[in-house]
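Working notes, beginning with the structure itself.
None of the figures in this text is laboratory data; all of them are computed from the coordinates on show. As the structure is a prediction and not an experimental result, all values here were calculated from the model. Cβ atoms come from the backbone with ideal geometry, glycine included; neighbour counts cover every protein chain shown.
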Amino acid sequence: MGSIFDLCASRKFADVDIITVETAPDRAFLKKYPNACATSVTLPSGLKVPQKQWGKDWVIKGDKIVLQRRTSIENAECDYLLLVAPNDVGFAKYSQGKACSGLTLPSGFKIPEKKNAREWVFDGEAVVLR
């Protein structure tokens, strides 16, 4: 049996829109990043969250990762953006605690502008809305 990514990518499971996390390390990760955009992220267990599907992103909601539609990252209800590209992760680690709203990362990913007077800030391997 393959990973959840393999199941979601197969025709048989193409309609999967919720991933339930069962291992303790993965649950701790989800608890650390509530309401985070988790598209393409690899969880501590090695489970890889699938890429965007049907114009929807994977978002952490409690102990599940759900597929949610949104028109753009600026309109997301996410408080964390988990970085995936190695260059972006390295850049974030170097820039810990620094504000980064509107910044374009080395991968070309653009961090959204401030949201409701809240600033995006580098925190570990993520960008956090504070």
Read phi for every residue in segment 22-37 and hand back ³J(HN,Hα) as whole Hz from Karplus 6.51 cos²θ - 1.76 cosθ + 1.60, θ = phi - 60°, with x for Gly and Pro.
10, 8, 4, x, 5, 4, 4, 4, 5, 5, 5, 10, x, 6, 8, 6
Explain nothing, just the number: dipole magnitude of segment 83-130 about its Cα centre with +1 on each Lys and Arg Cβ and -1 on each Asp and Glu Cβ, in debye rounded to the nearest 20.
160
